[in-house]
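Laboratory data are not the source of any read-out in this text; all were calculated from the coordinates shown. Every value quoted in this text rests on a predicted model; they were computed, and no experiment measured them. Positions of Cβ are generated from backbone atoms using ideal geometry, with glycine treated the same way; all protein chains shown enter the neighbour counts.
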Amino acid sequence: MTGPARSHDDWAGAFFRDADRLDLPLLMSWFGPDIDLRLANVPPIAGREAVEATFAEFWSGIKGMRHVREQLVVDGDTAFQGSQVTYTRPDGGEVTMPVASHLRRDAGGTLDRLWIYIDLGPLYAG
């Protein structure tokens with residue numbers, strides 16, 4: 001499944017599968033016009049254009065990404081997922097770290113909130 005899931009299915013899982021493909025147009029299909037992104041300790045990022053630029057910049061510094069879910073809590077259109085995310089650096093090296101994500105869908109089924117709690121320090125360390 002790609003794009004926003006609209007029924008009571010594993011929409012959070014579908015989102016992370018799509019995100020892990022590093023396909024920017026596919027990822028952007030998940031976001032509504034008022035998307036609110038929080039990523040690590042970066043100031044809040046609002047709106048599709050700014051969010052697209054943020055992911056384009058971040059993904060330009062990695063070769064791959066994959067999430068392994070450890071826990072998921074869903075309440076209607078809100079999901080909290082705890083994962084281990086493995087990033088592949090441009091040199092082929094990998095680093096795995098914990099991440100907690102808060103996702104919320106709007107009435108149209110697109111995300112209006114994606115808050116990602118992660119310490120990206122290990123990704124950039126030697």
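Miscellaneous remarks
- Whichever residue in segment 102-114 is surrounded by 14 or more Cβ atoms within 10 Å (Cβ to Cβ) and either among the aliphatic types (A, V, I, L, M) or assigned to a strand (DSSP E or B) (or both) and, among such residues, is nearest to the chain's Cα centre (by Cα): Leu114
- Inter-residue pairs, beta-carbon under 9 Å, first under 21 Å from Ser83 (Cα atoms) and in segment 104-120, second among the polar types (S, T, N, Q) and in a strand (DSSP E or B), 6+ apart: Arg104/Thr78; Arg105/Thr78; Arg113/Thr78; Leu114/Ser101; Trp115/Ser101; Ile116/Ser101; Tyr117/Ser101; Ile118/Ser101
- For segment 23-47, the candidate set comprises residues that are surrounded by 14 or more Cβ atoms within 10 Å (Cβ to Cβ) and of a type in the set (D, E, K, R); within that set, the residue that is farthest from the chain's Cα centre (by Cα) is Asp36.
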